1. What are the ³J(HN,Hα) values, in whole Hz, obtained from phi via the Karplus relation 6.51 cos²θ - 1.76 cosθ + 1.60 with θ = phi - 60°, for each residue of the range 112-118 in sequence order, with x given for Gly and Pro?
2. Over 13 Å apart: what share of the alpha carbon pairs of the range 84-140 falls there, rounded to a whole percent?
3. Starting from the Cα of residue 65, step 7 Å along the direction of its Cβ; do the same at residue 149; then give the gap between the two resulting points in nm.
4. Among the aspartates and glutamates, which have Cα under 17 Å from the Cα of residue 152 when same-chain residues fewer than 8 positions away are ignored?
5. Hey, rough spin-label estimate for residue 171 and residue 93, points 7 angstrom out along Cα→Cβ, what's it come to in nanometres?
6. Quick check on my link table: of 64/178; 113/178; 87/172, which ones sit more than 25 Å apart, alpha carbon to alpha carbon?
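Nothing in this text is a laboratory measurement; each read-out follows from the coordinates by a stated rule. Being a predicted model, the structure only gives us computed values, none of them experimental. Ideal geometry is used to build each Cβ from the backbone, glycine not excepted, and the neighbour counts take in all protein chains shown.
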Amino acid sequence: MTLLNFSRLRGFNKIGFIIPTIVLISLHVLIYGNDYITHIRNLRFYEISNPGSLANNRINNIIKDGEGYMWFATENGVARYDGIEVKNYFYDQHEPSSLYGNFVISFLVDHEKQLWIGTDLGLLIYNSACDNFRRIAVDIPDEKRQNILDLKLLPDNTILALTSRRILYYDKKTNALKLYF
């Protein structure tokens, strides 16, 4: 399906359109081309030494935290990369300070450099001092789990959690997610 069909426009001149477009693109490449080529040549990709070290090869999100670690949200837990090795974290229903839900979807680093993690079961904060997670309660009647699809930080440092059905906010006083509106 074509979005724009210029041939149906009255008075449209294909040559009058194509030639100036080619000239503009050519000028752009001539003026800025070397910078783009230089940037492309300077890109370096490094492979994690053991590709099987990630909990899952399907990565939903990547973020760098305040301490310089790279975090990978996967469909089977979260992985933290320190530049040398990968450490995986998984949900353990018998351990309240474990990851809450293995399907990790979203990340956020707030102004205090805390890492927030959204999973298929809810929201967590990573505690770097103890190397574990603190679950955030949901203060909505009859709903104790939330599939956190995305996290946003507002200018006033309010954290929004977006689900498939609603927008929630983190209330610091109650340490819980509440309806935003």
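1. 8, 6, 7, 8, 9, 10, x
2. 62
3. 2.7
4. 65, 110, 112, 120, 171
5. If labels sit at residue 171 and residue 93, their model points lie 2.9 nm apart.
6. 64/178; 87/172
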